[in-house]
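The values are calculated or read from the model by the stated rules, or taken from the named source; none is laboratory data. A quick note: this is a predicted structure, and the numbers were derived from the prediction, not measured. Positions of Cβ are generated from backbone atoms using ideal geometry, with glycine treated the same way; all protein chains shown enter the neighbour counts. The protein model used for the area step is the full one, side chains on, heavy atoms only, and it has no ligands, DNA or RNA in it. Shrake-Rupley method; radii C 1.70, N 1.55, O 1.52, S 1.80 Å.
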Protein chains: 6
Amino acid sequence: MVYITRKEHFNAAHKLENPEWSKEKNEEVFGKCANPNWHGHNYTVLVTVKGEPDPGTGFIVNLKHLSELIRKKITDKMDHKNLNLDVDFMLGVKPSTENVAIKIWEQLHEDISNLGCQLHCIKLLETENNSAEYYG
Amino acid sequence: MVYITRKEHFNAAHKLENPEWSKEKNEEVFGKCANPNWHGHNYTVLVTVKGEPDPGTGFIVNLKHLSELIRKKITDKMDHKNLNLDVDFMLGVKPSTENVAIKIWEQLHEDISNLGCQLHCIKLLETENNSAEYYG
Amino acid sequence: MVYITRKEHFNAAHKLENPEWSKEKNEEVFGKCANPNWHGHNYTVLVTVKGEPDPGTGFIVNLKHLSELIRKKITDKMDHKNLNLDVDFMLGVKPSTENVAIKIWEQLHEDISNLGCQLHCIKLLETENNSAEYYG
Amino acid sequence: MVYITRKEHFNAAHKLENPEWSKEKNEEVFGKCANPNWHGHNYTVLVTVKGEPDPGTGFIVNLKHLSELIRKKITDKMDHKNLNLDVDFMLGVKPSTENVAIKIWEQLHEDISNLGCQLHCIKLLETENNSAEYYG
Amino acid sequence: MVYITRKEHFNAAHKLENPEWSKEKNEEVFGKCANPNWHGHNYTVLVTVKGEPDPGTGFIVNLKHLSELIRKKITDKMDHKNLNLDVDFMLGVKPSTENVAIKIWEQLHEDISNLGCQLHCIKLLETENNSAEYYG
Amino acid sequence: MVYITRKEHFNAAHKLENPEWSKEKNEEVFGKCANPNWHGHNYTVLVTVKGEPDPGTGFIVNLKHLSELIRKKITDKMDHKNLNLDVDFMLGVKPSTENVAIKIWEQLHEDISNLGCQLHCIKLLETENNSAEYYG
């Protein structure tokens with residue numbers, strides 16, 4: 001079993017708020033992440049898949065195919081978008097780093113199986129200092 | 001003459017649009033940067049000052065003072081904010097990388113003179129691949 | 001289960017020596033790391049915790065709380081200090097990358113449980129090229 | 001159990017092709033990686049070993065010894081070389097990132113056992129965006 | 001005057017040799033860079049242009065146009081190629097970091113003038129540790 | 001004229017203090033950098049030289065020679081050392097980032113002229129966020 005990781009990027013706006021809470025409680029819990037006029041990040045997503053290398057290619061997956069899949073299902077939908085308002089699979093989801101990683105996993109894992117390997121991990125960096133990992 | 005650079009960060013939302021243009025022309029010129037619901041970035045700002053080292057300290061400026069100044073005048077106002085809506089010195093300014101660099105210069109250069117050195121350059125990275133430099 | 005990682009930094013002096021050995025044996029084993037007048041590093045510590053996202057916040061832990069805990073228990077005690085002389089929980093410990101990672105784990109794991117998640121890994125980078133990981 | 005990682009580098013040429021396939025099929029599958037006149041990369045290899053810290057040193061392995069071993073068995077043979085033509089242990093192997101990681105593992109794991117620890121993982125970065133991991 | 005920098009990448013093979021010299025002299029001068037079977041690098045190129053921001057856009061140049069130009073004139077010709085054999089504007093040129101930077105400048109500076117700004121600097125990184133800058 | 005930059009590293013201990021000042025004034029001015037038991041950094045030094053490429057090599061300087069010079073005059077003397085106590089050319093100098101950059105310039109500029117090019121800039125990074133540049 002070998003693991004291959006492809007790194008991609010998207011730049012997006014978001015805010016963190018619980019609509020069932022008061023403005024004061026949102027600010028207390030989420031701090032400056034609750035700014036009503038949004039803020040944003042350069043997100044980095046690392047998609048790790050696992051499998052056995054194919055004897056004909058040496059690949060567990062053709063990275064051209066994996067990269068195209070990530071573009072179609074993830075970065076075309078999330079890049080230069082608002083994660084709270086613009087992304088179909090994020091609607092109604094609080095866009096914490098944790099939840100964005102989980103949602104990206106859900107968008108990719110079946111299609112990656114169809115490429116002949118298995119999704120192992122989604123790692124999402126929101127900043128240089130904060131990141132989340134989800135293994136399904 | 002020696003040059004000292006301090007790196008700081010802020011995460012912000014913005015969009016690029018010319019209010020005098022049609023939606024179509026804005027999209028043609030600014031592409032996905034014109035998304036009406038905003039997008040965002042992890043901005044990195046490098047503030048370079050120049051001067052002669054003080055014999056008593058070896059410093060051209062005490063970086064604690066420079067860092068506090070950048071926090072007060074720049075990152076406290078821009079971090080987790082919307083550059084089009086929330087930042088007093090950006091109101092009415094198109095928040096291109098170029099213009100944000102110029103506006104940061106204008107906010108800092110007098111106060112840096114009061115620290116006993118001179119502002120030399122503002123370098124602003126919007127992404128890993130795109131940056132602007134302004135020398136006044 | 002989701003994993004969240006927070007990256008922090010501290011700059012410290014240290015040296016490697018076994019007080020039961022001769023100067024010659026210390027130099028043979030530890031090389032330039034045995035320099036009697038110390039040397040130092042910019043250390044980077046990555047604290048990874050695991051848990052289930054809270055439905056109200058989307059967080060497995062509020063990173064503001066985790067970051068404050070790391071500051072109080074680790075970086076306030078280690079930053080701009082001598083790891084052999086100044087840090088209470090390092091006294092009598094050989095400050096190899098391995099041992100520093102273990103000691104940081106011991107300082108944090110109970111308090112992290114009190115934040116409602118579990119410490120998963122301490123990764124400590126001593127240089128760009130050398131790092132240690134400890135999982136308890 | 002603690003894990004220690006040493007990062008090393010080598011710069012090499014290679015191409016991807018299956019000699020049993022037509023030129024057209026090679027181009028279809030491998031794209032620009034099949035360029036007959038070669039291309040190349042700055043490879044980064046991360047060697048992770050695991051073990052218990054020695055009480056006398058605080059080390060699971062002396063990194064000077066591990067680094068010398070990687071130099072002798074890997075980077076002296078691969079740096080500024082052609083992976084298809086010049087490297088004894090790569091002859092007849094398709095030099096995909098996956099296969100290069102596997103072959104580096106095979107070259108190192110016995111010698112690392114002789115250093116008193118165990119090889120845990122070879123991570124190989126071919127570019128900033130593409131990497132492979134192999135755990136034996 | 002503001003400066004804007006766009007970073008792009010290409011991965012290529014090359015070797016350093018002077019065809020008028022003996023094999024021995026080539027090895028003496030160029031060391032392992034003279035390996036007859038080539039080696040390669042992940043090159044990073046930073047293209048810095050200067051100009052006045054346009055009041056309608058805030059841009060000194062639309063980075064979409066600059067990026068397309070760099071792709072057409074530089075990276076489409078150099079990526080996954082052999083710098084000694086495959087690149088029209090490098091034929092007969094010793095592909096040192098210095099010379100590659102000069103040749104990239106020559107390919108770009110007229111077309112960049114046609115975009116309404118001026119080429120200021122080509123910075124080429126051959127490795128993390130070695131880079132060249134050319135200002136025309 | 002082309003500029004070439006070589007990056008090297010050294011890890012060292014230091015402290016900032018003015019021996020003519022009280023302990024209180026030293027702490028007020030230098031803060032935690034005045035810790036009596038030292039602290040340390042992973043320093044990065046970027047040596048930029050300028051010249052005309054030699055037609056026979058394409059080089060303004062053979063980087064093997066430049067790198068050996070930096071090792072002999074700088075990193076062999078500073079790596080795993082105490083900048084206040086162990087380095088001949090730093091004795092009596094306050095080891096601020098500014099002053100260390102100036103002293104490295106003084107150590108190198110004549111020998112670099114003997115390599116057939118000119119020293120242009122010493123850039124010294126003390127941390128990821130703080131750096132100094134000196135141009136003679």
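Looking at the range C:41-96 only, could you name the residues that are under 23 Å from F:Lys15 (Cα atoms), aromatic (Phe, Trp, Tyr) and assigned to a loop (DSSP other than H, G, I, E, B)? Hits for the range C:41-96: nothing passes.
Considering only residues in the range B:8-29 that are more than 18 Å from B:Asn99 (Cβ to Cβ) and crowded, with 18+ Cβ neighbours inside 10 Å, the one that is farthest from the other protein chains (Cβ to nearest Cβ) turns out to be B:Glu8. Any idea which of B:Asn84, B:Asn35 is farther than 25 Å from E:Glu68 by Cβ, of a type in the set (S, T, N, Q) and in contact with a His (Cβ under 7 Å, 6 or more places away or on another chain)? Among B:Asn84, B:Asn35, only B:Asn84 is farther than 25 Å from E:Glu68 by Cβ, of a type in the set (S, T, N, Q) and in contact with a His (Cβ under 7 Å, 6 or more places away or on another chain). When restricted to residues that are in contact with a Phe, Trp or Tyr (Cβ under 9 Å, 6 or more places away or on another chain) and farther than 15 Å from E:Arg6 by Cβ, the range E:102-126 contains 4. The set of residues in the range D:27-52 that are touching a Cys at 6+ places or on another chain (Cβ under 9 Å) and without any contact (Cβ under 8 Å) to a residue 60 or more places away in the chain comprises D:His39, D:Glu52. In the range D:91-136, of all residues being without any contact (Cβ under 8 Å) to a residue 12 or more places away in the chain and of a type in the set (A, V, I, L, M, F, W, C), the one that is nearest to the other protein chains (Cβ to nearest Cβ) corresponds to D:Val93. Looking across the range F:97-131, just one residue is part of a loop (DSSP other than H, G, I, E, B) and of a type in the set (Ser, Thr, Tyr), and that is F:Thr127. Here B:Thr5 fulfils each of the conditions (1) at the interface with another protein chain (Cβ under 7 Å from one of its Cβ atoms); (2) closer than 22 Å to A:Phe10 by Cα; (3) part of a strand (DSSP E or B) apart from (2). Of the residues making up the range A:68-80, at least one is open to solvent by less than 50 Å² (accessible area, probe 1.4 Å), within 30 Å of D:Lys103 (Cα to Cα), out of contact with any Pro (no Cβ under 6 Å at 6 or more places or on another chain) and modelled with pLDDT of 95 or more.
Taken together, C:Glu52, C:Glu106, C:Glu98, C:Glu28 contain a single residue that is closer than 20 Å to A:Glu126 by Cα and of a type outside the set (A, V, I, L, M, F, W, C), which is C:Glu52. It is to be established whether one or more residues within the range A:54-66 are of a type outside the set (Val, Ile, Thr), at pLDDT 95 or above and in contact with a strand residue (DSSP E or B) (Cβ under 7 Å, 6 or more places away or on another chain). There is at least one residue in the range A:54-66 that is of a type outside the set (Val, Ile, Thr), at pLDDT 95 or above and in contact with a strand residue (DSSP E or B) (Cβ under 7 Å, 6 or more places away or on another chain).
Close contacts from the range B:73-90, counting a first residue that is more than 10 Å from chain A (Cβ to nearest Cβ) and a second that is in a loop (DSSP other than H, G, I, E, B), with Cβ to Cβ under 6 Å and a gap of 6+ residues or different chains, come to B:Lys77/B:Val87; B:Met90/B:Leu83. Within the range F:35-57, is even one residue open to solvent by 50 Å² or more (accessible area, probe 1.4 Å), more than 14 Å from chain C (Cβ to nearest Cβ) and within 16 Å of the chain's Cα centre (by Cα)? There is no residue in the range F:35-57 that is open to solvent by 50 Å² or more (accessible area, probe 1.4 Å), more than 14 Å from chain C (Cβ to nearest Cβ) and within 16 Å of the chain's Cα centre (by Cα).
Looking only at residues of the range C:104-128 that are closer than 23 Å to D:Thr57 by Cβ and open to solvent by 50 Å² or more (accessible area, probe 1.4 Å), we find that the one that is nearest to the chain's Cα centre (by Cα) is C:Lys123.
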